[in-house]
Amino acid sequence: MDTNVTQLATLFQPVRLGPLTLKNRVVMAPLTRSRAGAGDSPQAMNATYYAQRAEAGLIISEASQISQQGKGYAWTPGIYSDAQVAGWRLVTDAVHAAGGLIYCQLWHVGRISHPELQQAGGLPVAPSAIRPEGQAFTETGLKRHVTPRPLTTAQVGDIVQDYAHAARAAQRAGFDGVEIHAANGYLIDQFMRTKTNYRTDLYGGTLENRMRFLTEVAQAVLSVWDADRVGVRFAPASAANDIADSDPQTTFGRAVEIVGGLGLVYVHIIEGQTGGPRAAIPGFDFAALKRSFPGLYMANNGYTRDMALEAIADHRADLVAFGKPWIGNPDLVSRLRNHSPLTVAPQSAFYGGGEGGYTDFKRLDK
Ligand SMILES: Cc1cc2nc3c(=O)[nH]c(=O)nc-3n(C[C@H](O)[C@H](O)[C@H](O)COP(=O)(O)O)c2cc1C
């Protein structure tokens, strides 16, 4: 038999994800587009954009802050107020009407923010008072990051409660599940990794202590959602947002073991530098993470059609998430299936703006 036909059959075959049946294994990765409306609420054009991409086996929403404090970029949507729930309901209804499924990515940026984005111009928070290199994207332009305010032990508990609140909001908004964003140098990653966690309380020091915040956040989300509707995203080899770890294989080996023990339905792994080289940490063993996780393994980062076909056929991944290709190709699954050319969206369209560069990319069959 022609191997390519077999491979195609596998990538485009339905797969079970907890109680859901995904119609294929091509996932839309979370993509911040900075186009929320007033009050950080999704609006009609966001519903149009997501519904256009409903042929994905699963859509993961753009990262959505669990509180004002969790916000780090201009015009990103929240998932905590009633108005935001109503806005997201437009999105989930439109996706479901188009035959799709959508998870909500729950986000707290920690130190990757700026006083302009915080309530009353306050300082962003973090495990420790370590200023990140880089700049925040605010409504008035790029601003150098500041030294964050280190959280007290009690304040860490308050944020765990904010995750539970946001998880409930996601349920009320009609999402099919949630993804805990523990990647890319944001708050959970800041607790897990050694470069950003100098704490001496229960949330820092030993590996188990660095894992405590992840564990408590996952437990808080599981107080709302069944485990078979909760996934988590890690970026073990990524330095995104000025982060690093002294022993990433051990750190993320343990993180995956913990979420596996809690019964989460998938791990979503950014293999390499987010949006960059896949071999960012030479020798990092992603296969070991997959082997140690009982649920599904979702692979991401720089996947092409051929790479996705091979990864699924070789059982190196159960699902493949594509990011940038979804921006310019609302019919990405059809294009991959038919081996059609892909539209490359210009970077200028990524963040902020209106319908242009957002809902106006055409399907090939229209
Ligand atoms: C415009 C843009 C926005 C992104 N927003 C998010 C996000 O909200 N949450 C997240 O976890 N990753 C985000 N990412 C990372 C992508 O999900 C993905 O990991 C990355 O683009 C690599 O996959 P790709 O090579 O298929 O694009 C974003 C990437 C881009 C280009």
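Report the relative contact order of the chain, percent, no decimals, based on alpha-carbon pairs under 8 angstrom and at least 6 residues apart. Please list the in-between numbers first.
Details: 821 pairs, mean separation 60.8, N = 366.
Here the relative contact order equals 17 percent.
Roughly how many debye, to the nearest 20, is the charge dipole of the stretch 323-366 about its Cα centre, given +1 on each Lys and Arg Cβ, -1 on each Asp and Glu Cβ, and no other charges?
On the way: 6 positive and 4 negative charges, 36 e Å.
Once rounded to the nearest 20, the dipole reads 180 debye.
Suppose R0 equals 30 Å. What FRET efficiency, 1/(1 + (r/R0)^6) with r the Cβ-Cβ distance, do ALA279 and SER223 give to the nearest 0.05? Walk me through the intermediate numbers first.
On the way: r = 39 Å, r/R0 = 1.29.
Efficiency at R0 = 30 Å is approximately 0.20.
7 Å from Cα along Cα→Cβ at both SER292 and GLU310: what's the point-to-point distance in nm?
2.6 nm
Please figure out what share of the DSSP beta bridges in the chain is antiparallel and state it in percent, rounded to the nearest 5. Walk me through the intermediate numbers first.
Details: 7 of 41 bridges.
Antiparallel: roughly 15 percent of the beta bridges in the chain.
I'd like the distance separating the alpha-carbon centroids of the stretch 305-328 and the stretch 244-287, in whole Å.
With the stretch 305-328 and the stretch 244-287 each reduced to a Cα centre, they are spaced 17 Å.
If you put +1 on each Lys and Arg Cβ and -1 on each Asp and Glu Cβ, how big is the dipole of the stretch 3-349 around its Cα centre, in Debye rounded to 20?
Values: 31 positive and 29 negative charges, 69 e Å.
Using Cβ point charges on Lys, Arg, Asp and Glu, the stretch 3-349 gives about 340 debye.
Among PRO127, PRO325, PRO277, which one shows the biggest mean-square fluctuation in a GNM of the chain, springs joining Cα atoms closer than 10 Å?
Highest fluctuation among the options: PRO277.
Pop a pseudo-label 7 angstrom from the Cα along the beta-carbon direction at both VAL344 and GLU139 and give the gap in nm to one decimal.
Here the modelled spin labels are 3.5 nm apart.
I'd like to check one number: the per residue accessible area of the chain, probe 1.4 Å, reported in Å² as a whole number.
About 37 Å² of surface per residue is accessible.
Convert each backbone phi in the stretch 197-208 into a coupling constant with the Karplus relation 6.51 cos²θ - 1.76 cosθ + 1.60 (shift: θ = phi - 60°), then list the ³J(HN,Hα) values in order as whole Hz, x for Gly and Pro.
10, 10, 5, 10, 8, 5, 9, x, x, 6, 4, 4
Each residue of the stretch 346-363 in order: what ³J(HN,Hα) in whole Hz does its phi give by Karplus 6.51 cos²θ - 1.76 cosθ + 1.60, θ = phi - 60°, with x for Gly and Pro?
Working through the residues one at a time gives x, 4, 5, 8, 4, 10, x, x, x, 5, x, x, 10, 9, 9, 7, 8, 6 Hz.
Which cross-chain or sequence-distant (5 or more) residues have an amide H under 5 Å from the amide H of SER61, H modelled 1.01 Å from N in plane?
For SER61, whose amide H was placed from the backbone, the distant partners under 5 Å are TYR103, CYS104, GLN105.
How many nm is it between the label spots at THR147 and ASP82, if each spot is 7 Å from the Cα in line with the beta carbon?
If labels sit at THR147 and ASP82, their model points lie 4.2 nm apart.
What is the sum of charges around GLY177, taking Lys and Arg as +1, Asp and Glu as -1, for the other residues whose C-beta is under 12 Å from the C-beta of GLY177? It would help to have the intermediate numbers written out before the result.
On the way: positive: ARG229; negative: ASP176, GLU179, ASP226, ASP228.
Net local charge, GLY177 excluded: -3.
Please check which bits of the stretch 152-171 a label hung off ASN209 would reach, taking the label as a point 7 Å along Cα-to-C-beta and the cut-off as backbone N under 18 Å.
Taking a point 7 Å out along Cα→Cβ of ASN209, the residues of the stretch 152-171 whose backbone N falls under 18 Å are 152-157.
Exceeding 28 Å between C-alpha atoms, which entries from my cross-link table qualify? They are LYS71/LYS362; LYS23/LYS290; LYS143/LYS290; LYS71/LYS290.
LYS71/LYS362; LYS143/LYS290; LYS71/LYS290
Counting only Cα, what are the radius of gyration and maximum Cα-Cα distance Dmax of the chain, in Å?
Expressed in Å, the Cα Rg and Dmax of the chain come to 19.2, 65.
The values are calculated or read from the model by the stated rules, or taken from the named source; none is laboratory data. On a predicted model such as this, the values are computed, not experimentally measured, just so you know. Cβ sites come from the backbone with ideal geometry, for glycine too, and all protein chains shown count toward neighbours. Accessible surface is based on the protein model in full, side chains and every heavy atom, while ligands, DNA and RNA are left aside. Shrake-Rupley method; radii C 1.70, N 1.55, O 1.52, S 1.80 Å.
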